[in-house]
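J.: My questions all concern the structure below.
Every read-out reported here was derived from the displayed coordinates using simple, explicitly stated rules and does not represent laboratory data. On a predicted model such as this, the values are computed, not experimentally measured, just so you know. Note: ideal-geometry Cβ built from the backbone for every residue, glycine included; neighbour counts use all protein chains shown.
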Amino acid sequence: MTLDGLGPDFDDFVRQSSTSLLRTAYLLTGDHGHAEDLLQTALLRTARHWRTAKAQPAAYARRVLANLAKDRWRHRSRRPAETGQWAEPGHDGSNGQLTLRHTLLPAVLQLPMRQRAVLVLRYFEDLSIEETAATLDCSVGTVKSQTHHALARLRELLGEEVLPTKEIDHAH
């Protein structure tokens with residue numbers, strides 16, 4: 001995707017960040033097709049606001065993705081349910097990916113959108129609490145609270161043996 005007047009900086013950003021942003025979109029939506037659509041829209045919005053976004057384009061695009069996913073979540077009841085394959089884009093079929101695909105991802109997709117977004121940004125994108133709060137336009141306390149509630153719910157769904165308390169809660 002090249003838009004007139006953006007130059008090589010934008011092209012470099014797209015080449016370097018698309019895979020990571022697609023993974024984020026997939027983890028937020030749980031559907032490869034919707035993730036691709038969200039990424040395309042996020043890149044277009046980032047391009048339109050390139051003067052502002054180019055200072056931190058990945059952070060800007062992640063925020064757009066989170067907002068688009070939130071909007072999609074609000075309006076999903078208007079569309080029929082879809083089934084998707086659990087193949088996360090950009091990853092092979094190693095044992096860790098099998099666990100993610102067959103155990104963790106289905107449970108994460110059962111969480112409310114804000115809890116899901118917090119977990120994706122904190123643990124899959126490895127953002128700090130402050131970066132997550134900035135991306136989601138909420139307070140640090142909200143990120144901590146949503147993380148706590150999301151992990152508690154995942155433990156209910158998966159059990160302590162799959163999601164141990166100590167390792168996850170204190171990882172970041």
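J.: Taking R0 as 35 Å, what FRET efficiency do you get between residue 130 and residue 107 from their Cβ-Cβ distance, rounded to the nearest 0.05?
T.: Taking R0 as 35 Å, the efficiency between residue 130 and residue 107 is 0.85.
J.: Put a dot 7 Å past each Cα toward the Cβ at residue 58 and residue 37; how far apart are the dots in nm?
T.: That separation, rounded to one decimal, is 2.7 nm.
J.: Quick check: net charge around residue 37, other residues with Cβ under 11 Å of its Cβ, Lys/Arg +1 and Asp/Glu -1?
T.: So the surrounding residues net to -1.
J.: Hey, another quick one. Say each of residue 9 and residue 49 gets a label point 7 Å from the Cα, pointing the same way as Cα to Cβ; how far apart are those two points in nm?
T.: Between residue 9 and residue 49, the simple spin-label model gives 1.6 nm.
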